[in-house]
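K.L.:
Here you go, one structure.
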């Protein structure tokens, strides 16, 4: 199997709130650090990818925000404009007048048009070899299949025309597992695990894209080593807490309660992790990155996450 | 004088309980992963238990867990009553009834088409159109619109005292509020008529229009024609549709409808919540409450406790020696004490970050509810009610 970062196009998806954008940012940063010319593209226009690099908001035109790392945000209208300029060789915008307006309507009416302009632009960057790797902060789990399956859907709906001609090479790029892969980000919680298992199945059935990895974000550290949990239980007994409080010179009750919270959280999450592992094909690698007890989520924590991801990939 | 938080004197002023007692519709919104669906179900269950009447929770979340938690095998577009046995198992006797329904977008759209079509034949043609099959599931804002449409339908049937609606986790929080208006605008648009002109009249030369030339080269004329046919058929439903969309809009603005924004204290969901609160005020919707969910315990913020944790870590060996009697190997105890202290400090960092976010939440709706982090998943009605009790008891 091709190494994750040796592919050319990696889509990163996940349920809302699991840290999809953080992971995409970290993956792009890791690739750039390892010497790859990397483009990270945010598909959701209202996303906050820029925050994870502590940089100004991204635009359709890629901007170098770190050494060897470019960032852009998808804009389907701009994508169409670029596409038309490249393919019809007419400076259309001036002449057609309300094309933006028209586009909005066609895109609303015709399912898959926005999706194909998104995927098309990304595949175009891959085909033209502008970058070694394109990392996509893609649509969330609910919409990713629609996005990835758009070329096929268009193929079925549109019989002729330029769009139809284009779907062929798009499909070639998307369905080649050495070129393209999908990563699903999950947290070890009930709903994200459910959605991940369900999505893994749908990706297999409804798209031609290879599921490259599942990235489990916010994994809590194991608090106690072997035999230590019994010691903790003993120390949590009322007379022990009292003795501890006396010895330390202050109430340790809340400290023990916080540790218990951590242990329970970890245990609840471990069960979900097991469910996730057994619910997805064994051949799909699972990468674990830790919960960051950080003051804020800026470039520093993106770097930490990139390091953790690198360690999981064996770098 | 503010009364105690008991039901004897009626609900406490400024509480979620009081807010919901006075409304007929409560719409929860917020970004994904904040526990919106569970909060909506918990609030509905609490009203059914404490205030009585018929309460319905409408969800878009197909999670089996919620169905299971409510003691249902599953539920769909049709409302289902939560069996009294589920309440009995939770050890409570509700004063009212709790019902649940899930939103099936496709089914709801089909019903809408059947209602507004001029005749059965047109309805059939629309339902069979391949574009419709795609569009009904994926239309821009179709999910949001249909959620509001279904709400209107249920409300106007008048079966329920309170309807709690869980909205889709949409990034553009305004989508579903504007959906009725946009839907009306869309079908009354001049552009749509213009787009479909060449297919309605043979007098217009298609090739003479640059837009069609371009569109034709991009999409192919067959596809354009499919689109046009679809919209021509859809336009037959125009009058009924627009009227309905406007009625839905009015209901959302009515004082009987309130909005509950749910968020965690993480930066991104909170920013979205703030945006939402602003937008609701801006559009003159009734902003009822903010529920801050999954908040870490307050003791993590206590400075004295933090100092104790520091000492516990620094003097772990010494302390372990003092308490070792009977508890085990002093070295192992010291290690556990250090780990426990470290863990406290780790979570303290997160709790401080949350507290700062909370302080920055400048907007002050009438009701702010803080719900603690539940370390175990909610699997049954008892769990939902435990969460509900905390929502009811919260002072913000």
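The values are calculated or read from the model by the stated rules, or taken from the named source; none is laboratory data. In this text, all values refer to a predicted model and were calculated from it rather than measured experimentally. Note that each Cβ is placed from the backbone with ideal geometry, even for glycine, and that neighbours are counted across all protein chains shown.
K.L.:
Which of the residues that make up the stretch B:311-348 are within 17 Å of residue A:233 (Cβ to Cβ), free of Cβ contacts under 8 Å to residues at least 12 places away in the same chain and more than 7 Å from every other protein chain (Cβ to nearest Cβ)?
P.N.:
Within the stretch B:311-348, B:324, B:325, B:326, B:329 meet the criteria.
K.L.:
Checking the condition modelled with pLDDT of 90 or more, farther than 30 Å from residue B:34 by Cβ, surrounded by 22 or more Cβ atoms within 10 Å (Cβ to Cβ) and more than 10 Å from every other protein chain (Cβ to nearest Cβ), which residue from A:182, A:174 passes? Quick ask: steps written out before the conclusion?
P.N.:
Details: A:182 fails: farther than 30 Å from residue B:34 by Cβ.
Checking each option against the conditions leaves just A:174.
K.L.:
Follow-up question, since we're still on this one. Filter the stretch B:18-43 for residues that are closer than 15 Å to residue B:393 by Cα and buried (at least 24 other Cβ atoms within 10 Å of the Cβ) and give the result.
P.N.:
B:20, B:39, B:42, B:43, listed by residue number.
K.L.:
OK, next. Please work out which residue is farthest from the other protein chains (Cβ to nearest Cβ), limiting yourself to the stretch B:131-176 and to residues that are out of contact with any strand residue (DSSP E or B) (no Cβ under 7 Å at 6 or more places or on another chain), at pLDDT 65 or above and not in a helix (DSSP H, G or I).
P.N.:
Looking at residues that are out of contact with any strand residue (DSSP E or B) (no Cβ under 7 Å at 6 or more places or on another chain), at pLDDT 65 or above and not in a helix (DSSP H, G or I), I get B:158.
K.L.:
Still on this model: Answer with yes or no whether residue A:75 is free of Cβ contacts under 8 Å to residues at least 60 places away in the same chain and closer than 13 Å to residue A:122 by Cβ. Break it down stepwise before answering.
P.N.:
Working: free of Cβ contacts under 8 Å to residues at least 60 places away in the same chain: yes; closer than 13 Å to residue A:122 by Cβ: yes.
Considered against the rule, which asks whether it is free of Cβ contacts under 8 Å to residues at least 60 places away in the same chain and closer than 13 Å to residue A:122 by Cβ, residue A:75 comes out as yes.
K.L.:
Same structure, new question: Please determine, by comparing only the residues of the stretch A:258-284 that are facing another protein chain (nearest Cβ under 9 Å) and in contact with a helix residue (DSSP H, G or I) (Cβ under 7 Å, 6 or more places away or on another chain), which one is nearest to residue B:296 (Cα to Cα).
P.N.:
Across the stretch A:258-284, the extreme among qualifying residues is A:258.
K.L.:
Quick test of your reading of the structure: residue B:302 fulfils all but one of (1) within 11 Å of another protein chain (Cβ to nearest Cβ); (2) in contact with a strand residue (DSSP E or B) (Cβ under 6 Å, 6 or more places away or on another chain); (3) under 30 Å from residue A:248 (Cα atoms). Name the failing condition by number.
P.N.:
Against the list (1) within 11 Å of another protein chain (Cβ to nearest Cβ); (2) in contact with a strand residue (DSSP E or B) (Cβ under 6 Å, 6 or more places away or on another chain); (3) under 30 Å from residue A:248 (Cα atoms), residue B:302 comes up short only on (2).
K.L.:
Need the failing condition index for residue A:211 against (1) more than 23 Å from residue A:311 (Cα to Cα); (2) touching a helix residue (DSSP H, G or I) at 6+ places or on another chain (Cβ under 6 Å), just the number.
P.N.:
Only one criterion in (1) more than 23 Å from residue A:311 (Cα to Cα); (2) touching a helix residue (DSSP H, G or I) at 6+ places or on another chain (Cβ under 6 Å) is unmet by residue A:211, namely (1).
K.L.:
Might you check whether a residue that is touching a strand residue (DSSP E or B) at 6+ places or on another chain (Cβ under 6 Å) and either at pLDDT below 95 or surrounded by 17 or more Cβ atoms within 10 Å (Cβ to Cβ) (or both) occurs anywhere in the stretch B:104-116?
P.N.:
First, pick out the residues of the stretch B:104-116 that are touching a strand residue (DSSP E or B) at 6+ places or on another chain (Cβ under 6 Å): none.
The answer is no, given that none of the residues of the stretch B:104-116 is touching a strand residue (DSSP E or B) at 6+ places or on another chain (Cβ under 6 Å) and either at pLDDT below 95 or surrounded by 17 or more Cβ atoms within 10 Å (Cβ to Cβ) (or both).
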